[in-house]
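Taken together, the values in this text are just the output of simple stated rules run on the coordinates, not laboratory data. All values reported here derive from a predicted model rather than from experimental measurement. Glycine also receives a Cβ, built like all others from the backbone with ideal geometry; neighbour counts cover every protein chain displayed.
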Amino acid sequence: MTRRTTIGRALPARLVAVATLLAALAMLWLSAEVHAAEVGYLVPPAQIKRKGTEVWQTLKLGDQVNEGDTLRTGMGARVEIRLKDLRVFRIGQATEVEMTGLQDDRGLRAKFGLILGQFWGSLVKPLARATGEKFEVQTASATIGIKGTSFGVVFDKATGGVDVSVLTGEIVAVPPGKEIGPPTEVPGPREIAPPQEVSRDQWEVIVTRDQRLIIRPGEAPRTVPLTAEDKQDPWVAFNIERDRLLQ
């Protein structure tokens, strides 16, 4: 009788220990799922530097990318990182970008520090205003906030020049250090605004479908139409095709 009582008391304790371990493992798995993105397309050479390290490792297809990691590519490279809900970002050749913010547990909150090179974002599912979702690209010359769109950013570190091409949707650009307001609903099709000059004092520019934003240090930002020739640029054409496949 004593033996049965001992076993009966010990078994629940063991079950509790196992259940606690399984719960801890589940939390770790969910954390990785929430805070990580995955390399879904890759043309090398590309490397990744994990948060808190100074070691560059070869980036491979299927690798997880987390908040705080940094990616860099060589000539001819292409990298596509897949997030949830048909949302992706891509980097082109000779590019370095830091994942300064990358969480998707209760809505997407992503910030990318584009140190130099080519960046592309494509959000088939628009950002949800109610949950405070955001998707921002920061350079030394401007911060670009996305309001549900397909767009590209090219940053020339040597000159400080920024070129933003908007294929669909809408983006807003502000000077470095200025906060971008919450995302708004993207309006339906509308007539494209004509080219315009924006004064340095305003320095908050909204760019819509089929427009380019050109930012040069010491000059007022300006928007111009996105031409057929612009869309034939190898980097832009590559992303247009990838976006078509994504949708």
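Worth pointing out:
- Filter on Lys84/Lys125; Lys49/Lys134; Lys51/Lys111; Lys84/Lys147; Lys84/Lys134 - keep pairs with C-alpha separation over 19 Å: Lys49/Lys134
- Aspartates and glutamates whose Cα lies under 17 Å from that of Lys178, excluding same-chain neighbours fewer than 8 positions away: Glu136, Asp201, Glu204
- Close amide H partners of Thr143, meaning residues 5 or more places away or on another chain with modelled amide H under 5 Å apart, are Val174.
- Entry note, the stretch 37-246: relative contact order of 13 percent, from Cα contacts under 8 Å with a spacing of 6+ residues.
- Charge tally around Lys178: other residues with Cβ under 12 Å, Lys/Arg +1 each, Asp/Glu -1 each, net -3.
- Average projection area in nm² (convex hull over Cα atoms of the stretch 37-246, one quarter of hull surface): 11.5
- Long-range amide H partners of Asp210 with built H, under 5 Å: Val166, Leu167, Thr168
- Restricting the stretch 34-74 to GluC sites (Glu not before Pro) in coil, as DSSP defines it, with at most 16 other Cβ within 10 Å: Glu54
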